[in-house]
Amino acid sequence: MAIPRIVIIGGGAGGLALATRLGHTVGKQKRAEVVLIDRNTTHVWKPLLHELATGVLNSSMDEVDYRGHSSAHYYRYQRGSLTGLDREQRLLQLAPIYDENGQEVLPARELSYDYLVIALGSVSNDFGTPGVAEHCHFIDSPQQAKAFQRDMINTFLRYTDPTLRQHTELTIGIVGGGATGVELAAELFDASRMLNAYGVTSIDHQHIRVHLLEAAPRLLPALSERVSQTVKKELESLGVTVHTGTAIKEAQEYRLVTNDGEEIETDINVWAAGIKAPAFLTELGLTTNKKNQIEVKRTLQSVDDERIFALGDCASCPMGEDSSVPPRAQAAHQQAKRLAKNLLNQLDDKPLKEFSYRDHGSLVSLARYDAVGNLMRSSASRGLFLEGWLARKAYASLYRMHQLSIHGAPKTGLAWLVDKLNRYLKPHMKLH
């Protein structure tokens with residue numbers, strides 16, 4: 001008799017953690033076959049994409065190869081993109097894979113499943129704003145982050161020649177004052193300092209201008225007022241021009257136009273405002289909300305099909321009467337932990353338990369300059385406010401916790417040691 005097959009679509013923070021947990025339980029014991037499907041061949045932790053975008057993070061050193069990881073953790077990896085779902089036959093349709101020259105590497109395929117987990121994360125929501133898709137960078141994937149870095153370095157190089165400059169100062173516009181926008185704004189000043197130090201450009205952090213625009217009345221609207229105000233003060237001390245209560249009605253090639261008609265001249269535009277799940281999730285025959293998220297019960301099962309689960313940013317999981325679990329990396333990790341146990345219960349014909357989200361607080365990195373946030377939050381407490389050296393250490397520990405979930409303690413310890421050595425052996429910035 002064939003063992004059941006659990007298919008996980010998406011190898012982000014939640015999907016990879018779930019595949020690892022299941023691999024070491026049901027996969028290793030051959031109680032079930034665990035298959036992870038992702039369109040990419042490697043994994044980069046999404047909260048680090050702003051560092052990849054500025055070159056502070058070298059993806060070749062921090063990315064996880066799915067093939068190697070799957071071999072070590074008792075699950076199977078397949079490269080592919082989900083295009084269709086046949087719930088009656090329990091079949092997935094996967095798109096063909098092409099190489100960089102457009103040649104087909106893998107044909108369109110079908111894959112059967114007994115239990116399906118959708119963990120496809122989220123993408124930026126441009127809210128249909130004219131010109132955004134054509135004239136703004138997005139930082140939702142490693143590919144997009146690398147594309148921004150190439151454009152950033154080329155723009156810095158152009159500004160060494162006065163005849164190639166668009167404006168007097170090199171200007172970058174960032175739309176969205178959430179964590180990604182805030183962290184990217186700070187990293188840009190650190191990146192400009194390092195590009196100058198390595199001789200890539202004569203422009204330093206004093207000759208760039210960053211505009212950070214947020215439609216809400218303050219930065220980081222999901223976090224506390226104290227964190228928001230501290231971050232605003234720190235960014236302005238770096239030289240960031242913060243615009244709150246400012247929505248964008250149009251993006252042009254070298255310009256952002258606000259709702260009140262102000263035109264902000266820019267060299268590079270970045271859109272980091274709002275998120276939504278990938279649009280094709282609405283075409284799978286599952287109930288979704290206006291953000292394209294799959295509606296799930298608190299057991300993380302789809303409201304339409306008990307054999308289909310969803311977690312992370314692409315899932316709308318109820319939390320209380322009128323709210324849902326927020327789209328954060330910590331939520332995806334918690335859901336992966338709960339879902340791993342629920343799938344074990346499913347295989348053992350035991351009842352599934354409901355997911356309960358615990359907010360452990362949030363930290364925002366301001367590059368090498370600072371970090372700010374709250375830890376140990378609860379419904380009855382705002383938590384412990386942190387900034388400075390202690391906050392930077394706490395922020396760094398978040399990535400180590402992610403590594404622990406996918407590598408285990410010995411490899412995470414070795415990774416930490418390698419990172420320490422590379423601070424002395426490698427440039428502090430990827431320059432190509």
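The values are calculated or read from the model by the stated rules, or taken from the named source; none is laboratory data. Since the model is a prediction, treat every value here as computed from it, not as a measurement. As a convention, Cβ positions derive from the backbone with ideal geometry for all residues, glycine included, and neighbour counts pool all protein chains shown.
General observations
- The combined condition, being part of a loop (DSSP other than H, G, I, E, B) and at negative phi, is not fulfilled by ALA251.
- For segment 223-249, taking the residues that are in contact with a Gly (Cβ under 8 Å, 6 or more places away or on another chain) and buried (at least 20 other Cβ atoms within 10 Å of the Cβ), the one that is farthest from ALA179 (Cα to Cα) is identified as VAL242.
- Residue that is farthest from the chain's Cα centre (by Cα), among those in segment 25-45 that are of a type in the set (Val, Ile, Thr) and either in a loop (DSSP other than H, G, I, E, B) or under 17 Å from GLN78 (Cα atoms) (or both): VAL34
- When the residues of segment 183-222 are filtered to those that are crowded, with 19+ Cβ neighbours inside 10 Å, modelled with pLDDT under 95 and acidic (Asp, Glu), the one that is farthest from ARG368 (Cα to Cα) is GLU183.
- SER141 fulfils the conditions (1) within 30 Å of ALA215 (Cβ to Cβ); (2) assigned by TED's automatic domain parsing to the domain that holds LEU36 except for a single criterion, (2).
- Counting only residues that are in a helix (DSSP H, G or I) and crowded, with 18+ Cβ neighbours inside 10 Å, segment 1-24 holds 11 of them.
- Of LEU188, LEU235, LEU220, all but one fail to be touching a helix residue (DSSP H, G or I) at 6+ places or on another chain (Cβ under 8 Å) and under 23 Å from ARG158 (Cα atoms); the exception is LEU188.
- The residues on offer are THR171, THR155, and the sole one that is in contact with a His (Cβ under 8 Å, 6 or more places away or on another chain) and more than 28 Å from ASP38 (Cα to Cα) is THR171.
- In segment 25-62, of all residues being among the hydroxyl-bearing types (Ser, Thr, Tyr) and closer than 30 Å to ALA185 by Cβ, the one that is surrounded by the fewest Cβ atoms within 10 Å (Cβ to Cβ) corresponds to SER60.
- Residue within segment 72-79 that is under 22 Å from GLU283 (Cβ atoms) and over 23 Å from the mean Cα position of the chain (by Cα) present: no
- The set of residues in segment 102-154 being within 16 Å of ALA272 (Cβ to Cβ) and hydrophobic (A, V, I, L, M, F, W, C) consists of VAL123, PHE127, VAL132, ALA133, CYS136, PHE138, ILE139, ALA145, ALA147, PHE148, MET152.
- Residue in segment 154-172 that is at pLDDT 95 or above and not polar (S, T, N, Q) present: yes
- Residue within segment 143-160 that is without any contact (Cβ under 8 Å) to a residue 12 or more places away in the chain and in contact with a helix residue (DSSP H, G or I) (Cβ under 6 Å, 6 or more places away or on another chain) present: yes
- Residue tally, condition part of a loop (DSSP other than H, G, I, E, B) and either without any contact (Cβ under 8 Å) to a residue 60 or more places away in the chain or not aromatic (Phe, Trp, Tyr) (or both), over segment 177-230: 18
- Cβ-Cβ under 8 Å pairs, at least 6 apart or on other chains, segment 1-22 side at positive phi, far side in a helix (DSSP H, G or I) and buried (at least 24 other Cβ atoms within 10 Å of the Cβ): GLY10/GLY312; GLY10/CYS314
- Count of segment 22-43 residues which are within 18 Å of LYS337 (Cα to Cα) and touching a Ser or Thr at 6+ places or on another chain (Cβ under 8 Å): 2
- Residues of segment 289-319 classified as surrounded by 19 or more Cβ atoms within 10 Å (Cβ to Cβ) and part of a strand (DSSP E or B), total: 9
- Restricted to segment 337-432, the set of strands (runs of 3 or more DSSP E) holding at least 2 residues that are at pLDDT 75 or above and more than 20 Å from the chain's Cα centre (by Cα) comprises 370-375, 384-387.
- Residue count for segment 258-275 under the criterion of being within 27 Å of the chain's Cα centre (by Cα) and free of Cβ contacts under 8 Å to residues at least 24 places away in the same chain: the result is 0.
- Among the candidates SER316, SER302, SER324, the residue that is in the same structural domain as VAL117 (by TED's automatic domain parsing), touching a strand residue (DSSP E or B) at 6+ places or on another chain (Cβ under 9 Å) and at pLDDT below 95 is uniquely SER324.
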